[in-house]
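Beneath this line is the structure, given in structure tokens, with notes to follow.
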Amino acid sequence: WEILGDSRNGKSGVREKKGEPLSLRFYFNAQNAQEKTIAEAVQADLAKIGVDVRVIGEEKQAFLDRQKTGDFELQYSLSWGAPYDPQSYLSSWRIPAHGDYQAQRGLAQKHEIDATITALMTEPDEGKRAEMVKQVLTTITDAAVYIPISYSRTKAVYGARVGNVGFAVTQYEIPFERMTLETK
């Protein structure tokens, strides 16, 4: 696909190669409004450079099943956060049932990426592990498998009488013991 030259269809504005439009399917979990909003923003941005993106919301299980088969062009991938990053998240990249594996499977370096991840799982030296993680992430970044676009935040809704609301290191822990309740 020629991005710098003008290979757009005059009517649609979509880039073409040998008469085939540059069209991508972007799947998301239909129950997640945030994912839909982000997908639509990506769709609008890519349309500006002649890429047709079809945004498709699916029931969550269908979305997860699609990750297993690799039947997608664009799909969300979220790191797991503390305490799972980086080892558990990277480890999942080696399993064919995950979208990350499917997105990486065509890379010439896939075997090397998986071997490095496997080795870092048992590497006792923290410095060597950090270097191995850097090697894996640099390889993935250089291959442009992922497009970093956003990150999620954990949210809290609480009344004015509740104080010291915050979060722990992980998104899965809510430190209720630090919260206070003002009495009237």
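The values are calculated or read from the model by the stated rules, or taken from the named source; none is laboratory data. The shown structure was predicted, so the numbers you read here are calculated from the model rather than taken from an experiment. Glycine gets a Cβ as well: all are built from the backbone with ideal geometry, and neighbour counts include every protein chain shown. Side chains included, ligands, DNA and RNA excluded: accessible areas come from the protein's heavy atoms. Shrake-Rupley method; radii C 1.70, N 1.55, O 1.52, S 1.80 Å.
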TODO: For T118, work out the one condition from (1) open to solvent by 60 Å² or more (accessible area, probe 1.4 Å); (2) among the hydroxyl-bearing types (S, T, Y); (3) modelled with pLDDT under 95 it doesn't fulfil.
DONE: (3)
Open item on the list: Which condition from (1) within 29 Å of G70 (Cα to Cα); (2) more than 19 Å from the chain's Cα centre (by Cα) is the one that G106 breaks?
Closed with: (2)
Task: Lone unmet requirement of (1) open to solvent by 50 Å² or more (accessible area, probe 1.4 Å); (2) modelled with pLDDT of 90 or more; (3) β-branched (V, I, T) for I3 - done: (2)
Task: Output for segment 47-77, where each listed residue is in contact with a helix residue (DSSP H, G or I) (Cβ under 9 Å, 6 or more places away or on another chain) and loosely packed, with under 14 Cβ neighbours inside 10 Å - done: R54, T69, D71
- [ ] Within segment 89-104, track down each residue that is open to solvent by 50 Å² or more (accessible area, probe 1.4 Å) and either modelled with pLDDT of 90 or more or in contact with a Ser or Thr (Cβ under 6 Å, 6 or more places away or on another chain) (or both).
- [x] R94, I95, H98, Y101
Task: Residue tally, condition surrounded by 11 or more Cβ atoms within 10 Å (Cβ to Cβ) and closer than 22 Å to Q102 by Cβ, over segment 131-160 - done: 13
